[in-house]
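Novice: Quick one: this structure, given as structure tokens, is what I'll be asking you about.
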Amino acid sequence: MTKTMKTASPILIVGLVFLALATLSLGTGSMNIDPPALFSALLGTSDPGTSLIVWSIRLPRLVLAALAGASLALAGAVLQGITRNGLADPGILGLTAGAGLAVTGLIWLQSHGIAVEPHWRPAAAFAGAAFAALVTAVAAQRDGAIAPVRLLLAGIGMNALIGAATLVIAMGLDQQLYSAAVVWLSGSLSGAGWSASTTLAPWLAILALALAAQTRRLDLLSLDDETAAGRGLAVDRCRLRVAAIAVGLAGAGVAFSGGIGFVGLVAPHMARLMVGPKHAVALPLAALCGAAVTVAADLIGRTVFAPLELPAGIVASALGAPWFIWLMWNGKDKKG
Amino acid sequence: MTIEARHLHFHYDNETVLNDLSLSIIPGEITALVGPNGSGKSTLLKALSRILRPQSGEVLLEGKPIQSWSARAVARRLALLPQSPEAPMGLSVRDLAGYGRHPWRRAFQGSGPEDRAAVDRALGLTGMTSFADRMLGSLSGGQRQRAWIAMALSQETDVLMLDEPTSFLDMAHQVELMQLVERLNVEEGRTIVIVLHDLNQAARIAHRMVVLNQGSIAADGKPAEVMTAQMLRRVFGVESDLISDPRRGTPLCLPYAAYFSGPDLEP
């Protein structure tokens with residue numbers, strides 16, 4: 001990259017892209033709605049049928065996609081910063097897998113006559129992500145300090161372990177519950193209502209605010225430990241604190257929509273390519289990119305093969321995986 | 001600003017790195033830490049700057065144990081530049097220099113006029129003003145090293161601790177860097193503790209040379225007192241001629257034979 005663009009214009013550009021995607025997403029489906037009709041539906045001045053589609057089906061789904069995408073992108077940006085590795089994200093570090101195991105476990109309980117209401121799934125997903133993070137951190141620590149490379153390796157190990165456990169549990173499920181588990185694991189926004197967003201939004205707001213207070217520390221953490229400590233940073237304590245925020249964000253991100261992969265990996269890279277590595281500007285832009293990517297993945301998933309619907313997570317992976325390979329191939333995580 | 005190390009002891013598993021080492025840094029001086037590979041120079045520098053905690057003994061900063069100071073409070077008084085610092089891609093020189101302001105700023109507080117002035121001064125001192133908006137990755141080794149020093153300078157500390165800042169630099173950049181270090185000492189009155197590999201470089205700029213060997217101080221004093229044929233034989237395992245620098249009168253060593261079997265030498 002030659003020179004970082006000014007900060008304002010990338011945010012404006014990605015913001016406009018997001019709005020365009022949102023308009024397209026709200027207008028596209030079994031019944032297409034053109035922008036003027038959409039506008040009046042949003043204002044509540046259109047016919048009740050159109051209003052209903054926009055307000056109770058498409059808008060809650062759009063909002064959830066945006067919030068989940070933003071959460072995952074912020075989590076990924078922080079994890080990439082503190083591990084100093086552009087390949088880190090909630091998926092690689094086993095957080096998504098931990099959430100998936102917890103939800104599959106819940107569905108398994110249901111198949112054994114212990115009825116657990118589906119609305120417990122977000123809580124289980126969150127707890128699963130946090131538990132996986134804890135085990136990964138314990139496995140990675142040595143003498144109370146966590147080296148970034150070891151964290152990444154421990155995460156890869158955790159992923160394999162949890163993936164195998166999830167598979168064993170899922171294989172014991174009957175056909176119907178098995179599909180429910182698979183849909184969750186592949187990250188679907190299908191049937192999302194307002195309650196998901198109204199629960200997620202305050203979480204995201206609190207965690208994003210906590211992160212906003214740490215942007216300069218995150219900048220220092222992306223240097224080497226000694227240089228960061230030489231600038232007056234209590235490195236280990238600070239890394240633990242921001243990692244906890246990232247786990248919270250990742251847990252929130254997958255709690256309602258399931259394991260949407262690669263958004264947490266790709267969005268922070270997009271942001272850094274546009275505005276450089278300083279977190280004060282890269283974090284909000286990454287959140288915006290994550291929202292846009294997730295909305296786009298959901299839009300593609302439910303339109304390209306309509307009336308069949310692909311989960312957003314599958315589309316995101318299908319688009320994100322080649323990016324991931326390209327990143328490794330190009331060595332874009334090299335230091336400057 | 002006083003910094004005093006008392007009976008420092010540090011070891012990894014079963015390898016002793018610092019062995020009952022005591023040292024008092026004299027304010028206003030350039031102190032050069034020299035010694036063979038693995039003699040404990042870098043470890044000592046890290047212990048003096050609170051980055052590393054010795055297993056026993058203590059470092060006193062202004063008379064108080066340095067571990068009882070907060071990292072931030074220490075960073076307002078001394079700035080450490082480690083041997084091979086790393087930065088993420090796409091960081092500009094000015095951004096990097098601004099990182100030195102961290103110990104002076106609070107959360108959510110933007111960079112104030114004092115911060116900008118300190119960064120500008122640091123860029124000026126290191127001759128990096130015209131490179132301020134360049135990406136770190138696009139610079140030559142010498143320019144990049146100056147950018148890192150600008151970061152340490154914008155911290156505006158009385159004490160500067162540099163770990164082998166000239167390694168990996170070509171000759172002109174080494175000389176340039178040594179000139180900068182002297183200027184920071186003479187014009188700015190900064191106390192400098194610098195780890196150097198090159199004995200002649202150290203002898204040229206240092207008020208005081210501290211020679212480390214196997215975690216202890218083998219010699220300590222003015223370069224003319226420390227740079228002797230006996231010391232070079234005993235510590236570095238070389239036979240050498242000593243002449244006087246025609247420009248400065250400081251000692252120059254010209255090694256002509258080495259003992260590969262020396263117990264404290266790397267192969």
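The values are calculated or read from the model by the stated rules, or taken from the named source; none is laboratory data. Quantities reported herein were computed from a predicted structural model and do not represent experimental measurements. Because the Cβ atoms are built from the backbone with ideal geometry, glycine has one as well, and the counts that use them run over all protein chains shown.
Novice: Quick check on B:GLY189: is it under 19 Å from the mean Cα position of the chain (by Cα) and within 28 Å of B:GLY57 (Cα to Cα)?
Specialist: Details: under 19 Å from the mean Cα position of the chain (by Cα): yes; within 28 Å of B:GLY57 (Cα to Cα): no.
Here the answer is no, as B:GLY189 does not meet what is asked.
Here's the yes/no breakdown for (1) surrounded by 22 or more Cβ atoms within 10 Å (Cβ to Cβ); (2) touching a Phe, Trp or Tyr at 6+ places or on another chain (Cβ under 8 Å); (3) polar (S, T, N, Q):
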residue	(1), (2), (3)
B:SER68	no, no, yes
B:ARG101	yes, no, no
B:ARG105	no, no, no
B:SER111	no, no, yes
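Novice: Can you find, within the stretch B:73-99, the residue that is surrounded by the most Cβ atoms within 10 Å (Cβ to Cβ) among those that are under 8 Å from A:THR227 (Cβ atoms) and of a type outside the set (A, V, I, L, M, F, W, C)?
Specialist: By that ranking, first place goes to B:PRO82.
Novice: When the stretch B:6-35 is examined, which residues are found to be in contact (Cβ under 8 Å) with a residue 60 or more places away in the chain and on the phi > 0 side of the Ramachandran plot?
Specialist: If the condition is that a residue be in contact (Cβ under 8 Å) with a residue 60 or more places away in the chain and on the phi > 0 side of the Ramachandran plot, then B:ASP20, B:GLY28, B:GLY35 are the ones that fit.
Novice: If you go through the stretch B:94-113 one residue at a time, do you hit one that is in contact with a strand residue (DSSP E or B) (Cβ under 6 Å, 6 or more places away or on another chain) and either touching a residue at least 12 places away in the same chain (Cβ under 8 Å) or under 20 Å from A:ARG84 (Cβ atoms) (or both)? First the steps, then the outcome.
Specialist: Residues of the stretch B:94-113 in contact with a strand residue (DSSP E or B) (Cβ under 6 Å, 6 or more places away or on another chain): none.
No, there is no match, as no residue in the stretch B:94-113 is in contact with a strand residue (DSSP E or B) (Cβ under 6 Å, 6 or more places away or on another chain) and either touching a residue at least 12 places away in the same chain (Cβ under 8 Å) or under 20 Å from A:ARG84 (Cβ atoms) (or both).
Novice: Then there's this: From A:GLY94, A:GLY69, A:GLY100, A:GLY86, grab the single residue that is in contact with a Ser or Thr (Cβ under 6 Å, 6 or more places away or on another chain), in contact (Cβ under 8 Å) with a residue 40 or more places away in the chain and either under 26 Å from A:LEU223 (Cα atoms) or surrounded by fewer than 18 Cβ atoms within 10 Å (Cβ to Cβ) (or both).
Specialist: On the way: A:GLY69 fails: either under 26 Å from A:LEU223 (Cα atoms) or surrounded by fewer than 18 Cβ atoms within 10 Å (Cβ to Cβ) (or both); A:GLY100 fails: either under 26 Å from A:LEU223 (Cα atoms) or surrounded by fewer than 18 Cβ atoms within 10 Å (Cβ to Cβ) (or both); A:GLY86 fails: in contact with a Ser or Thr (Cβ under 6 Å, 6 or more places away or on another chain).
The unique qualifying residue is A:GLY94.
Novice: If you take the residues in the stretch B:125-171 that are more than 20 Å from B:GLY98 (Cβ to Cβ) and acidic (Asp, Glu), which one is farthest from the chain's Cα centre (by Cα)?
Specialist: B:ASP170
Novice: Which one of the conditions (1) at positive phi; (2) in contact with a strand residue (DSSP E or B) (Cβ under 6 Å, 6 or more places away or on another chain); (3) not polar (S, T, N, Q) does B:GLY38 fail to meet, given that it meets all the rest?
Specialist: Here B:GLY38 clears every test but (2).
Novice: Among the helices (runs of 4 or more DSSP H) contained in the stretch A:1-119, which hold 3 or more residues that are under 25 Å from A:ALA192 (Cα atoms) and under 16 Å from the mean Cα position of the chain (by Cα)?
Specialist: Values: elements: A:8-27, A:35-43, A:48-52, A:59-83, A:95-111.
It comes to A:59-83, A:95-111.
Novice: In addition: May I ask you to list the residues in the stretch B:42-58 that are away from chain A (no Cβ under 14 Å) and surrounded by fewer than 22 Cβ atoms within 10 Å (Cβ to Cβ)?
Specialist: Listed by number, the residues that qualify are B:SER56, B:GLY57, B:GLU58.
Novice: How many residues are under 20 Å from the mean Cα position of the chain (by Cα), at the interface with chain A (Cβ under 9 Å from one of its Cβ atoms) and in a loop (DSSP other than H, G, I, E, B) when one looks only at the stretch B:61-120?
Specialist: 9
Novice: Still on this structure: Scan (1) at pLDDT below 85; (2) part of a helix (DSSP H, G or I) for the single condition A:GLY191 breaks and write down its number.
Specialist: (2)
Novice: Report yes if some residue within the stretch A:96-111 is within 14 Å of chain B (Cβ to nearest Cβ) and either in contact with a strand residue (DSSP E or B) (Cβ under 7 Å, 6 or more places away or on another chain) or aliphatic (A, V, I, L, M) (or both); otherwise report no. Spell out the reasoning first.
Specialist: Step one: list which residues in the stretch A:96-111 are within 14 Å of chain B (Cβ to nearest Cβ), which gives none.
No.
Novice: Scan the stretch A:222-241 for residues that are more than 7 Å from chain B (Cβ to nearest Cβ) and modelled with pLDDT under 95 and jot them down.
Specialist: A:ASP225, A:VAL235, A:ASP236, A:ARG237, A:CYS238, A:ARG239, A:LEU240, A:ARG241
Conditions (1) within 14 Å of chain B (Cβ to nearest Cβ); (2) buried (at least 23 other Cβ atoms within 10 Å of the Cβ); (3) modelled with pLDDT of 95 or more, marked per residue:
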site	(1), (2), (3)
A:ALA244	no, no, no
A:ALA250	no, yes, no
A:PHE262	no, yes, no
A:LEU265	no, yes, no
A:LYS278	yes, yes, no
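Novice: Any residue at all in the stretch A:142-164 that is of a type in the set (D, E, K, R) and touching a Ser or Thr at 6+ places or on another chain (Cβ under 7 Å)?
Specialist: Of all residues in the stretch A:142-164, those of a type in the set (D, E, K, R) come to A:142-143, A:150.
After this cut, where a residue has to be touching a Ser or Thr at 6+ places or on another chain (Cβ under 7 Å) as well, the list is none.
No; the residues of the stretch A:142-164 include none that is of a type in the set (D, E, K, R) and touching a Ser or Thr at 6+ places or on another chain (Cβ under 7 Å).
Novice: Does the stretch B:1-58 hold any residues that are of a type outside the set (Ser, Thr, Tyr), under 17 Å from B:MET209 (Cα atoms) and assigned to a strand (DSSP E or B), and which are they? Give the steps one after another, and end with the answer.
Specialist: So in the stretch B:1-58, the residues of a type outside the set (Ser, Thr, Tyr) come out as B:1, B:3-11, B:13-15, B:17-21, B:23, B:25-30, B:32-38, B:40-41, B:44-48, B:50-55, B:57-58.
Okay, now just the ones that are also under 17 Å from B:MET209 (Cα atoms), so B:3-5, B:21, B:23, B:25-30, B:32-37, B:40-41, B:44-45, B:48.
Within the stretch B:1-58, B:ILE3, B:GLU4, B:ALA5, B:LEU21, B:LEU23, B:ILE25, B:ILE30, B:ALA32, B:LEU33, B:VAL34 meet the criteria.
Novice: Hey, another quick one. State which residue is surrounded by the fewest Cβ atoms within 10 Å (Cβ to Cβ) when the search covers only the stretch A:168-184 and only residues that are closer than 11 Å to A:LEU101 by Cα and more than 22 Å from the chain's Cα centre (by Cα).
Specialist: Applying the filter and picking the extreme gives A:VAL168.
Novice: Consider the stretch A:117-126. How many of its residues are of a type in the set (A, V, I, L, M) and either without any contact (Cβ under 8 Å) to a residue 40 or more places away in the chain or buried (at least 20 other Cβ atoms within 10 Å of the Cβ) (or both)? It would help to see each step written out before you state the result.
Specialist: As a first pass, look at the stretch A:117-126 and keep what is of a type in the set (A, V, I, L, M): A:123-125.
Right, trim to either without any contact (Cβ under 8 Å) to a residue 40 or more places away in the chain or buried (at least 20 other Cβ atoms within 10 Å of the Cβ) (or both) and you get A:124-125.
The qualifying residues number 2.
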